[in-house]
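The values are calculated or read from the model by the stated rules, or taken from the named source; none is laboratory data. Computed from a predicted structure; not experimentally measured. Every residue, glycine among them, receives a Cβ derived from its backbone with ideal geometry; neighbour counts consider all protein chains shown.
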């Protein structure tokens, strides 16, 4: 039954939402006015952190994978996140589809098509640029970006959040609530808990605005190629407004009618696009290259996972610098992914939740990277599209429509690519608005959904922030800030893993909250 306690705006916790929004606005204005100076300053700070703490990011990602496997295959893995006698909320296919759409998003379309070019031009381990081995490292690294480490970062705060909502049935879906068993009631109910919650919101609101701003070019470059027109801010705004309409409607409809249906539909559509590329394009080469790439990645997975390029001293490769940024940026999104995963995992066991998030997005990402990357590499090797020449000195996004235009029925391929990318970003952003609305709501989130109007309000705020920052040039500094925000999030995330174990130990959940 719908609870009515006044206007929807009054259902939001202003004590954490307003400070978070004001903080982003306050830091964005001066950074936007002095963009080049502030970007240099922020990049200097971030580069210094990477230089000093690159080993820490690498071990952080590895530790989370180990922690995920431990919780999955120990006695904690069989703990049901909810009533053990109730069936899970979603079938496994729909559940995995939602997690894939949330975890992967439209970024996989860009990564799959052009990430290999950056590595091919600047390969690791002393490999010659543009060589055959460099091309193998390129796609292997693209797959590595969407593998177990990044999805462990995304999911490992989820066990604690799911436990407090579905087992403890606490009303507020907050990081502070998950850490209550560690810090106690005084800290959680006081300013300490508010600081934790504000920190989460700042990282997610800024990250969402950056994602909307950076995700739009995936569409604009292809639309401009399809319609033979220049990329302008007006075109960017039109595409953004269409996007906003889509994810606002989806967010309003909620998980069952919006996110679930879009996610499931996009799995079929993405599969259709992959089959089209294989049939109309160099299918045999793609399958051979995919096989070689997977073998190369598996052979060097541990080496790549622990790569710091320490003996190079003053120099660094794209893989080393980008991997650290990738882990840091992923950490910024860790709590968002975990809270959303927790919300939709009612009835799932801890093992099912963690392993589904580790395996399902990884599998789809490797397939997408294999097909899209293999297609681009073949076009480069045959000379049909000078991909590396296009990428050097330009935005790699320029290469995407050029590669797609080499297909027969190129217009159909570009339209399909645009639609799949748009739906991926739509599901990511409506999941984001849904999660922020749930996080800031005063409703009992163990029993109810966040207000529909509140979801639309959050969507409008994110969109307005992104458009303003795109217009005044503030996205680049905010992107670096989002990466910096990952540092305190790492500490919070590790605390939530300990909190999950502690709560299950206190309740002896592996005895009393398991399927019979």
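Key figures
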quantity: Residue match in region 15-32 (condition: at pLDDT 85 or above, closer than 30 Å to residue 451 by Cβ and in contact with a strand residue (DSSP E or B) (Cβ under 6 Å, 6 or more places away or on another chain)); calculated: no
quantity: Spans of helices (runs of 4 or more DSSP H) in region 95-178 with at least 3 residues more than 26 Å from residue 220 (Cβ to Cβ); calculated: 132-145, 148-155, 158-162, 175-178
quantity: Any hit, region 275-295, residues being within 22 Å of the chain's Cα centre (by Cα) and either part of a helix (DSSP H, G or I) or surrounded by fewer than 20 Cβ atoms within 10 Å (Cβ to Cβ) (or both); calculated: no
quantity: Residue check, residue 302 closer than 28 Å to residue 203 by Cβ, in a helix (DSSP H, G or I) and modelled with pLDDT of 90 or more; calculated: no
quantity: Criterion: in contact with a helix residue (DSSP H, G or I) (Cβ under 9 Å, 6 or more places away or on another chain), within 30 Å of residue 511 (Cα to Cα), at pLDDT 75 or above and surrounded by 13 or more Cβ atoms within 10 Å (Cβ to Cβ) - qualifying residue of 60, 76; calculated: 76
quantity: First in region 410-431 and at negative phi and crowded, with 22+ Cβ neighbours inside 10 Å, second anywhere and modelled with pLDDT of 85 or more and not in a helix (DSSP H, G or I), Cβ under 7 Å, 6 or more apart; calculated: 413/407
quantity: Any hit, region 333-350, residues being touching a strand residue (DSSP E or B) at 6+ places or on another chain (Cβ under 9 Å), farther than 30 Å from residue 226 by Cα and in a helix (DSSP H, G or I); calculated: yes
quantity: Enumerated helices (runs of 4 or more DSSP H) restricted to region 380-465, each holding at least 1 residues that are at pLDDT 80 or above and under 20 Å from residue 171 (Cβ atoms); calculated: 410-440
quantity: Any hit, region 64-82, residues being free of Cβ contacts under 8 Å to residues at least 60 places away in the same chain and farther than 24 Å from residue 492 by Cα; calculated: no
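For every residue, the table says whether it meets (1) buried (at least 22 other Cβ atoms within 10 Å of the Cβ); (2) modelled with pLDDT under 85; (3) in contact with a helix residue (DSSP H, G or I) (Cβ under 8 Å, 6 or more places away or on another chain); (4) farther than 30 Å from residue 381 by Cα.
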residue: 124; (1), (2), (3), (4): no, no, yes, no
residue: 181; (1), (2), (3), (4): no, no, yes, yes
residue: 192; (1), (2), (3), (4): no, no, yes, yes
residue: 199; (1), (2), (3), (4): no, yes, yes, yes
